[in-house]
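Q: Pasting a structure here, questions to come.
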Amino acid sequence: MFAEFGTAGNSDAFYAAGYKASAQLPAWLSDLGLNAYEYQCSRGARVREDTARLIGQNAADNKISLSIHGPYYISLATEDETTAANTIKHFLQSLEVARWMGADRVIFHIGGPGKMNREKAMERAKTLFAVVLEEAEKRGLNDIDLAPETMGKQNQLGSKLEEVLELCKMSRQVRPAVDFGHMHAVTCGGYTAKSEYAAVFDRIGEVLGLESASKLHIHFSRIEYTKAGEKRHWTFQDPYGPPHEPLLELIAERGYTPRIICESAGTQAADAKIMQEFYQRLLK
Ligand SMILES: [Zn+2]
């Protein structure tokens, strides 16, 4: 088993080569030697069943592992009943799309704390999330992982790893998605040393077990930040952090097999390739 590398959404180069449909992406990624794809449902999981099945078939044919990024509208701590009902719907729709595609996980943002303090907001988030897990089970959608993501802005729930782990402790269906670009941004420049990366894997191993640490879902991109956290995503050609080398050195040394999704602005495939080639050199 090796680490997997792939893209969040479709690179500019994919469209520049004349392609238009996500269903064409798995073969394009496979030609590059990449093996993972995170399909973006950020604006709602509204893809048609036949389209989703076609993407899934093409991914299977090309040995591309699929994940789904759930809608940005998810807000687990909301005090608004309509938003809470919609949040449940967004989860279930995303899981259903994942089922059609054969994706094994749905990545999501926990949402904001509203006017509550963070502890209270996390309690609310857990209460609603318990309903989501129950509804998913009723529909037989509980074999697809749900992965709360570490966030890049101070004022978002999940900007602390511990908040993400709190949700993960609720069910075996829930695993963390660690965005190291976001963690670099919220710590105003952290995650430049191998020991900082190691601390994240060690903590996840301690709380959720070695397998969760070893098979972690990772987002990686260069990110510009301010005091409030994430400002915007850049590419590997731009002068921002965090550096990928210490992360990949750690992964290679420890024999971890994560799925690493590159979220560069437009150059996801090229930058995923840079990471993959660095990793492959380390293994030799
Ligand atoms: Zn995200």
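The values are calculated or read from the model by the stated rules, or taken from the named source; none is laboratory data. What you see is a predicted model; the values in this text were computed from it and never measured. Virtual Cβ from ideal backbone geometry, glycine too; neighbours counted across all protein chains shown.
Q: Here are some residues: 274, 260, 251. Which one is crowded, with 22+ Cβ neighbours inside 10 Å and in a helix (DSSP H, G or I)?
A: 251
Q: Would you pick out the residues in the range 55-82 that are in a helix (DSSP H, G or I) and crowded, with 18+ Cβ neighbours inside 10 Å?
A: Once the filter is applied, which keeps residues that are in a helix (DSSP H, G or I) and crowded, with 18+ Cβ neighbours inside 10 Å, the range 55-82 yields 55, 56, 58, 59.
Q: If we scan the range 137-151, do we find a residue that is in contact with a strand residue (DSSP E or B) (Cβ under 8 Å, 6 or more places away or on another chain), away from the ligand (no atom under 16 Å from the Cβ) and in a helix (DSSP H, G or I)?
A: no
Q: Please specify each residue of the range 36-52 satisfying the condition of being surrounded by 15 or more Cβ atoms within 10 Å (Cβ to Cβ) and part of a helix (DSSP H, G or I).
A: Of everything in the range 36-52, those that are surrounded by 15 or more Cβ atoms within 10 Å (Cβ to Cβ) and part of a helix (DSSP H, G or I) turn out to be 51, 52.
Q: Residues of the range 179-190 being surrounded by fewer than 24 Cβ atoms within 10 Å (Cβ to Cβ) and either of a type in the set (Ser, Thr, Tyr) or within 12 Å of the ligand (Cβ to nearest atom) (or both), which ones?
A: Once the filter is applied, which keeps residues that are surrounded by fewer than 24 Cβ atoms within 10 Å (Cβ to Cβ) and either of a type in the set (Ser, Thr, Tyr) or within 12 Å of the ligand (Cβ to nearest atom) (or both), the range 179-190 yields only 187.
Q: So which of 201, 236 ends up being hydrophobic (A, V, I, L, M, F, W, C), at pLDDT below 95, surrounded by 18 or more Cβ atoms within 10 Å (Cβ to Cβ) and more than 16 Å from the ligand (Cβ to nearest atom)?
A: 236
Q: For the range 152-166, name all the residues that are more than 14 Å from the chain's Cα centre (by Cα) and either away from the ligand (no atom under 12 Å from the Cβ) or over 10 Å from residue 118 (Cα atoms) (or both). So that I can check it myself, show each step before the final result.
A: From the range 152-166, those more than 14 Å from the chain's Cα centre (by Cα) are 153-157, 160, 162-163, 165-166; that's our starting set.
Correct list: 153, 154, 155, 157, 160, 162, 163, 165, 166.
Q: Looking at (1) more than 16 Å from the chain's Cα centre (by Cα); (2) within 25 Å of residue 37 (Cβ to Cβ), can you tell me which one residue 205 breaks?
A: Exception for residue 205: condition (2).
Q: I'm trying to understand the selection: among the residues of the range 204-233, which are polar (S, T, N, Q) and either outside any strand (DSSP E or B) or at pLDDT 95 or above (or both)? Full working, then the answer.
A: Of all residues in the range 204-233, those polar (S, T, N, Q) come to 212, 214, 221, 226.
Once the filter is applied, which keeps residues that are polar (S, T, N, Q) and either outside any strand (DSSP E or B) or at pLDDT 95 or above (or both), the range 204-233 yields 212, 214, 221.
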